[in-house]
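The values are calculated or read from the model by the stated rules, or taken from the named source; none is laboratory data. On a predicted model such as this, the values are computed, not experimentally measured, just so you know. Cβ coordinates were reconstructed from backbone atoms using ideal geometry, including for glycine residues, and neighbour counts include every protein chain displayed.
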């Protein structure tokens with residue numbers, strides 16, 4: 001049986017001669033504040049629209065780059081980390097000064113030579129690749145995650161040897177056990193925040209920006225400045241978040257949001273005696 005793959009000898013390739021990106025700009029137009037490429041592709045406004053239109057894109061991208069032997073737990077954790085990276089810009093990002101909140105909003109068709117589907121997803125792939133390299137670099141610095149680790153031997157005998165595996169190390173290392181527990185709590189906290197954000201988006205999206213303000217600031221006044229409201233207005237949004245949090249944990253029905261309290265002005269009536277006339 002013949003194959004359709006020809007045998008090719010190894011040849012020296014000069015990668016400097018290859019063009020990383022087509023520098024010729026593609027035409028695009030702007031309609032109602034949205035970028036539309038020459039192929040008819042409509043660039044998503046933000047991460048929420050991107051994830052709604054392409055819900056499995058980040059997961060499939062991670063699976064392609066992580067390898068087939070990656071455990072399903074690592075695939076889920078890596079996908080969540082990449083989704084959080086796309087959803088929230090760093091607090092010190094220069095793009096936040098322009099009012100942008102996620103990575104999808106930072107796409108600029110003028111800098112990337114067009115707004116077509118290929119241009120947009122090329123930008124998303126570059127961002128995901130940068131984050132993936134950072135995650136991989138942090139992972140290989142962990143001695144337990146290096147593929148070239150050698151097993152430690154407690155009793156060196158040719159016939160019978162007791163090897164110290166990962167379970168032995170975790171069972172006899174308080175430091176490793178505490179670190180793993182801390183990492184599990186952080187992963188669970190990230191997943192809980194993502195699920196709660198989706199819950200708030202469905203039930204009352206008006207208080208969704210308060211979650212980002214709380215995560216980015218330390219005081220109520222600073223959070224109010226980020227949201228462009230008063231401290232009382234931020235406290236009202238925070239109270240609503242607490243109410244939604246209780247409903248999220250207990251599964252109870254979300255009550256309607258009360259209207260802002262307006263203080264009533266009462267007029268004082270001064271009695272006048274008959275002798276005054």
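Scanning the range 229-246 for residues that are under 24 Å from the mean Cα position of the chain (by Cα) and farther than 16 Å from residue 196 by Cβ gives a single hit, 234.
Inspect all residues belonging to the range 100-107 and state whether any of them is outside the structural domain of residue 211 (by TED's automatic domain parsing), touching a helix residue (DSSP H, G or I) at 6+ places or on another chain (Cβ under 9 Å), more than 30 Å from residue 188 (Cβ to Cβ) and not in a helix (DSSP H, G or I). There is at least one residue in the range 100-107 that is outside the structural domain of residue 211 (by TED's automatic domain parsing), touching a helix residue (DSSP H, G or I) at 6+ places or on another chain (Cβ under 9 Å), more than 30 Å from residue 188 (Cβ to Cβ) and not in a helix (DSSP H, G or I).
Quick grid of which residues meet (1) over 18 Å from residue 93 (Cα atoms); (2) in contact with a helix residue (DSSP H, G or I) (Cβ under 7 Å, 6 or more places away or on another chain); (3) in the same structural domain as residue 48 (by TED's automatic domain parsing); (4) assigned to a helix (DSSP H, G or I):
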| residue | (1), (2), (3), (4) |
| --- | --- |
| 182 | yes, no, no, yes |
| 193 | yes, no, no, yes |
| 197 | yes, yes, no, yes |
| 202 | yes, no, no, yes |
| 208 | yes, yes, no, yes |
| 212 | no, no, no, yes |
| 215 | no, no, no, yes |
| 234 | yes, yes, no, yes |
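Among the residues of the range 109-151, how many are modelled with pLDDT under 70 and touching a helix residue (DSSP H, G or I) at 6+ places or on another chain (Cβ under 8 Å)? Result for the range 109-151: 4. Scanning the range 71-99 for residues that are surrounded by 14 or more Cβ atoms within 10 Å (Cβ to Cβ), out of contact with any helix residue (DSSP H, G or I) (no Cβ under 8 Å at 6 or more places or on another chain) and not in a helix (DSSP H, G or I) yields a single hit, 93.
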